[in-house]
Every structure is written in structure tokens, then in C-alpha cells.
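The values are calculated or read from the model by the stated rules, or taken from the named source; none is laboratory data. Quick caveat, the model's predicted, so the values are computed rather than measured. Neighbour counts run over all protein chains shown; Cβ positions are idealised from the backbone, glycine included.
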Amino acid sequence: MGACRVDGPTGPTIESVEEMVGRFTSELLMLVPGWKQRISADAGQLEPLEQEVHAAFARGADLLLAGLIAVVMQQPEFAAASEQTRAGFQQPLARGRERTIRVRLLGGLVLWVASLYCAPLPRSRQSGEAVSGLYVELAQFGFGKGVTPGLQSRVARQAALCPSLEMARQELLRSGVKLDVKTVRRITYQCGEGLLRLRKHQLLLWRAGKLPAGTEVRGKRVTVQIDGGRTKIRGALRPKPPQAEKTDAEGLIIENAPGRSKKRPAQTFDADWREPKLVTIFVHDEQGRMVKHSQATLEGTFLGPDALAELVAMHLHRLGAAEALSITFASDGAPWIWDRIAKMVSAAKVDQVKIHEVLDCCHAVHHISLALAALGLTEAQRMPLYREHRKLLRNGQWRRVVEELSELAADEPDNAKLHTQIAYLRKHGEAGRLSYAHFRSLGIPLGSGAIESSIRRVINLRLKSNSMFWGEPHAETMLQVRAQVISNRWDQRLQEMREFTRRDGRIDWKWQPQDMSGKSEPTLAT
């Protein structure tokens, strides 16, 4: 058990680290004369030679790691830890049998590892949840499916940062990782699904009151900003109806009609715009700005507003917001956001913390502009009024703004657009979200620029593009991967994911959100 090979599944087993070092040294000594000759003949060939040397040393690093893995797997301490992992797995496992698994390392070397595979017992599936088995020895190292942790991290991260999987494949190739686009897709989505399973696990622990509260935001000023983006989600494939050939009045095919031999797709699909919900949670200073060098928490989902509201409450608890100095919710005017804040606060158990609700100042000012435009004024008439009311609103005098707009609207009782904008400002003013002068004195953010930026960086630059259509599960996984990369919490979350998958084999990452809406507000323009 635990034999490792680099020369195929039936090749000689690796006996020591020194064996692999010696093998790399001999390979290197054979390459050095050729490198010297090439650089001497043409110094301008340094760039391709540099890449070749790095690729050779990447192979050397893989050989060294293969030796280390092989030696560690023969140690009794490793065997004891493996048995402890098998015995402590959350779902009951069969006794297992040895399998030889092909694993790719970061530098491209293929390693063949013999590991004990324990399948889930039938009774572990009685709950209806899908459960995976466990490769006991591989789980100790945090291997993905056929890849080392380092390769899994690099591929998934590159796929999240690049605008397409094909571009990610090309960039990986330039760094010496040769994979086809299907492998890049598989590794990325498997990594994303692992992160989603971790998220569901933490959410269920939080629901049960078993998720420990952290200390990351203890004694600090916290801001929560929520918004939605746009992504095209493709539906199921359906047969494409045949397209009749164009004919003239006499029934003859017109001259410029497409040829009959032209291949046309037999299936098509419908695509609809969906709104992924996104939240950013960060610490701000006394001027309402995000603290430099701090890490925001980014979370998003396609599962709806209730799902996001639960995730917000869970993360507030996980970060230790119950001991924060204050929590500020700043967003635009979307009713689905404000309708759920009360339950988020209650579910996160931060009722004793000072809570502020702030309507983004730019959005509020924009509705003044819309109200004045609805009056039909010319630009020359409108701009002085706009500047005056904008100044009043920024100074917290929202009541005066509403009163003066109402006076202007008195002669137009049937102007629905105008009265909608006035009602919008009145509603948020009465809810205490337009007290900008007071907010400024407290040093809390007046806008939602952080979430607007996050929508662009997390969603728009990766999930929204011309002719880009996503299956919903893949969109959810990419959203999760991208959010962890952009928030700079990638390494931390991957480590948590590997620790979780080592002890839990549940595959499903979806959950049924609880009802997080409060008293429904009237739907007004946002």
C-alpha cells in the first residue's frame, strides 16, 4: 500500500528522495552542454532558453516531490493518520481496496500512486444525499481528482482570472502546464464545487448553532454592501425547427439563398438574463473608507435573495460581527435588499450592535434628477433646481427636498413618474437612510461604490460577455471561485476546503433557503 511510480503504473517503485534527486541531476547534466552551445551561438535566444531551463527545473521539482510523497507514505505515522481519517469520516465507509491512481503534479509529471479506496456504504445514501468515497492516502495530502493541490489551485485560479477557459489554457501552457481545455474545465469546476460544499457545510453548522464565531471584525466598524449583476443562463437543449428555404413568387429558390449542403445545428437553447446576488463585507475607518491592506469577504449566489441573506448572516457570525463597533448596510434602492436586513441582523445575532442603513447617495441624487425630468423642464430650467436639491439632500435635508418637489408636482396629479420618485425619496428618508450629514459625522460610508466595483470585477469581467451563456451550476461554481480569488482569500478557503473534504463526502452543494423577507415594501423605482 502506498507505492509510487513515475514510469507508468507497472514501473519500478520510488525508494527514496535521493533516487529522484539523482535522476534529475543526471537528466540535467545531459541538457547543460546543449544549453551552453545555444547561448554561445546566439545570445538573443535567451528568452526561449530561459523558459526551457525553467521547464526542466519544474520537472526536477516534480521528481523531488514524488520522492517525498513516496517516502512519507511508507512511514508508520502516515499510516496511523490515514487510518484516523478513514475512521473519522462523517459517512460510513466500506473496508476498501487498493487502487492505482494517476496523479498529475504542478510541473506536468505524472505520478502513479497506490491508495486505499473506501466506497460509501449503502446506508450512507439512505438520507437521499449523494456521497463520494475516499482515497484515504491521497486525502492526507489534499489531492483533487487526479491532481495535486498546487496544480488544482493554479488551474482554477487561472481559469477564474482569464476571460475564458481557452485563454486560461494558453496562459497555463506559457507557464509550463500543458493541459487541454476539457481538463482545465474539469479541474476548475471540481474545485468550485468543493468550495460550494464547504459553504453549505458552514451554513448548516450556523443554522444548528455549531459554527464558531470568529474575531476578525471584533471592535471594528463593519460595512455590508449588497447588489445584483447580470448573467445569461442557458436553458435545456431543444430540437431546432427546420428553416424553410427562401423562394420567389413562382416557388423557385432565390439566387442568394444558403446552399442545401450547409450544415446547420440540430439543437438550440433559450437564454435568459439572471441576476446573481453579491455581497461584500469589509472594515472601514473613521472616514468611511475601507481600511488599507484589509481583506474583504465576497460572497455571491444565483439561488435568490433569501439564499444571499442567509449567507450574509452566516458570514457576519463567522467573522465575529456580534462584537463589532457598528454595522452599516449601504446599498441602492432595490426592495429585496432592504426587506431582508432586519432578519439578517436577527439571524446573525448582532442586535446589540449599532446598525446603520444608508441609501447610496448617488442613487438618491439620481432620483432627484428623474423627478425633475418628469416635470418636462428644459435643461436650463432643470440644472439650477437639481444642484440646489442635490446640495440639500447631501446635507441631510431630505424632508425639504420632498416638500419642494411635492409643491412642484401639485399641478400634475396624474404624473405617475414624478410621484413615484417623490415616494421613493420619502420612503427611504422616513426609514432613516438619507441622513447623510449625520452619517458623515459618524464616519460611515455614504455610498455603495465597493459593491459596484465588486459587481464589475467578480461578475461582469468573467460571467457577462457577448455570446457567453452559462449553465446555472457552472455559473455558480465560477462565481464562487472568482469571488475567492478577487477577495484574496483563495489560499485560506482552499485549505479549509481540503480539510472539509478529508472528513465529509457529501457532494450536493445546494440548500433550501429559509424565508428571510420581512414586511414587503411597495415596489418603487430603483
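Cβ separations smaller than 6 Å between residues 6+ apart or across chains give no pair from region 1-29 residues that are within 22 Å of Pro76 (Cα to Cα) and at pLDDT 95 or above to residues that are in a loop (DSSP other than H, G, I, E, B) and among the charged types (D, E, K, R). Against the test of being crowded, with 21+ Cβ neighbours inside 10 Å, in contact (Cβ under 8 Å) with a residue 60 or more places away in the chain and in a loop (DSSP other than H, G, I, E, B), the options Ile451, Ile444 yield a single qualifying residue, Ile444.
Residue-level analysis places Val113 outside the set of residues that are hydrophobic (A, V, I, L, M, F, W, C), crowded, with 16+ Cβ neighbours inside 10 Å, assigned to a helix (DSSP H, G or I) and on the phi < 0 side of the Ramachandran plot.
Out of all the residues in region 128-187, which are among the acidic types (Asp, Glu) and in contact with a strand residue (DSSP E or B) (Cβ under 8 Å, 6 or more places away or on another chain)? Break it down into steps so the answer makes sense when it comes.
Our first condition is that a residue be among the acidic types (Asp, Glu); within region 128-187, this holds for 129, 137, 166, 171, 180.
Hits for region 128-187 are Glu129, Glu137.
Considering only region 29-38, I want to know if a residue exists there that is within 30 Å of Glu499 (Cβ to Cβ) and out of contact with any Gly (no Cβ under 8 Å at 6 or more places or on another chain). Taking every residue of region 29-38 in turn, none turns out to be within 30 Å of Glu499 (Cβ to Cβ) and out of contact with any Gly (no Cβ under 8 Å at 6 or more places or on another chain). Being over 23 Å from the mean Cα position of the chain (by Cα), within 25 Å of Ala313 (Cβ to Cβ) and not polar (S, T, N, Q) is a property that holds for Pro445.
Condition check ((1) under 30 Å from Trp509 (Cβ atoms); (2) in contact with a helix residue (DSSP H, G or I) (Cβ under 7 Å, 6 or more places away or on another chain)) across all residues:
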| position | (1), (2) |
| --- | --- |
| Glu407 | no, no |
| Ala410 | no, no |
| Ala416 | no, no |
| Leu425 | no, yes |
| Ser435 | no, no |
| Ile451 | yes, no |
| Ile455 | yes, no |
| Arg462 | yes, yes |
| Trp470 | yes, yes |
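Within region 335-349, residues that are closer than 15 Å to Met314 by Cβ and hydroxyl-bearing (Ser, Thr, Tyr) sit with their Cβ atoms under 9 Å from residues that are at pLDDT 95 or above and buried (at least 16 other Cβ atoms within 10 Å of the Cβ), at 6+ positions apart or across chains, in these pairs: Ser346/Ala313.
Within this structure, Gly209 passes the test of being of a type in the set (Gly, Ala, Ser), modelled with pLDDT of 95 or more and more than 26 Å from Thr477 (Cα to Cα).
Scan region 386-438 for residues that are more than 37 Å from the chain's Cα centre (by Cα) and either part of a helix (DSSP H, G or I) or of a type in the set (Val, Ile, Thr) (or both) and the total you get is 23.
Can you confirm whether region 145-165 contains a residue that is touching a Cys at 6+ places or on another chain (Cβ under 7 Å) and either touching a residue at least 40 places away in the same chain (Cβ under 8 Å) or within 29 Å of Thr280 (Cα to Cα) (or both)? Taking every residue of region 145-165 in turn, at least one turns out to be touching a Cys at 6+ places or on another chain (Cβ under 7 Å) and either touching a residue at least 40 places away in the same chain (Cβ under 8 Å) or within 29 Å of Thr280 (Cα to Cα) (or both).
Screening Cys361 against (1) without any contact (Cβ under 8 Å) to a residue 12 or more places away in the chain; (2) touching a Lys or Arg at 6+ places or on another chain (Cβ under 7 Å); (3) not aliphatic (A, V, I, L, M) leaves a single unmet condition, (1). The test for being part of a helix (DSSP H, G or I), more than 23 Å from Ala55 (Cα to Cα) and within 19 Å of the chain's Cα centre (by Cα) holds for Arg185. Candidates in region 12-33 are the residues that are of a type in the set (Gly, Ala, Ser) and surrounded by 11 or more Cβ atoms within 10 Å (Cβ to Cβ); of these, the one that is farthest from Ala55 (Cα to Cα) is Ser16. Determine whether Val136 is buried (at least 20 other Cβ atoms within 10 Å of the Cβ), more than 26 Å from the chain's Cα centre (by Cα), in contact (Cβ under 8 Å) with a residue 24 or more places away in the chain and more than 24 Å from Ser454 (Cα to Cα). Criteria met by Val136.
Looking at region 261-300, which of the residues that are hydroxyl-bearing (Ser, Thr, Tyr) and modelled with pLDDT of 90 or more is surrounded by the fewest Cβ atoms within 10 Å (Cβ to Cβ)? Ranking the qualifying residues of region 261-300, first place goes to Ser294.
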